[in-house]
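Below is one structure, written out as structure tokens; the observations come after it.
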Amino acid sequence: VSQSRYTDKETGKPDAIKGGAQIVFYNNGLGAGAAKSKGFNAREWMMKRFKDAGIPANHVAWIDDYPEADRKEAMFKEMRQGQKRILIGSAIKMGTGMNVQKRLTHLHYLDPPWFPALVIQPDGRILRQGNQNEMVELKRYATKGSYDATQWQMVARKAKAIESFLYGYRDWE
């Protein structure tokens, strides 16, 4: 975690807590149902990796743990204030309606979605007004030997076709 300083927009004073935050998106395989059906609990595995890296469990938020709007908004505030440092959830649950961008330094996309909108909307969580970081990193992952790279290419082709249609040029072939 960086030691960057952030400012409270209302008071103009530096926040008491230093350091950035990260957001992680996934589409498949991290929920309780996936753990049950696949026999591998990705959430447990990730939390162990965070612990081994020295990241306290209370710095990590899973969107699935916040089903009520008031609890979710309280967690978003903790992200903005730096009390939470990593937010993990699906593109569908976290693609819109979140105001957590203030400290975001990295966006991780663990697996490819089917639709370009499920990339564009999540990217908008970090690439937006209110993020106090001038430079951010967007990371896309693909598992070696899997279909991931092909799926990322398919999403890119779909996005290009949609843009061609919207802007009136034919350059997707």
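The values are calculated or read from the model by the stated rules, or taken from the named source; none is laboratory data. Because the structure is a prediction, the values reported are computed rather than measured. Positions of Cβ are generated from backbone atoms using ideal geometry, with glycine treated the same way; all protein chains shown enter the neighbour counts. The accessibility values were calculated without ligands, DNA or RNA, using every heavy atom of the protein model including side chains. Shrake-Rupley method; radii C 1.70, N 1.55, O 1.52, S 1.80 Å.
Numbers at a glance
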| read-out | value |
| --- | --- |
| Unique residue being within 30 Å of Gln81 (Cβ to Cβ) and touching a residue at least 24 places away in the same chain (Cβ under 8 Å) when the list is Gln151, Gln121 | Gln121 |
| Positions within region 117-155 being within 17 Å of the chain's Cα centre (by Cα), surrounded by 13 or more Cβ atoms within 10 Å (Cβ to Cβ), over 19 Å from Gly89 (Cβ atoms) and not hydrophobic (A, V, I, L, M, F, W, C), in sequence order | Gln132, Asn133 |
| Residue within region 28-37 that is modelled with pLDDT under 90, open to solvent by 60 Å² or more (accessible area, probe 1.4 Å) and among the hydrophobic types (A, V, I, L, M, F, W, C) present | yes |
| Residue list for region 91-115, filter: open to solvent by 30 Å² or more (accessible area, probe 1.4 Å) and aliphatic (A, V, I, L, M) | Ile92, Leu110 |
| Checking Ile17 against (1) over 16 Å from Thr105 (Cβ atoms); (2) touching a residue at least 60 places away in the same chain (Cβ under 8 Å), the condition it does not meet | (1) |
| Any hit, region 90-99, residues being touching a Gly at 6+ places or on another chain (Cβ under 6 Å), assigned to a helix (DSSP H, G or I) and within 24 Å of Lys9 (Cβ to Cβ) | no |
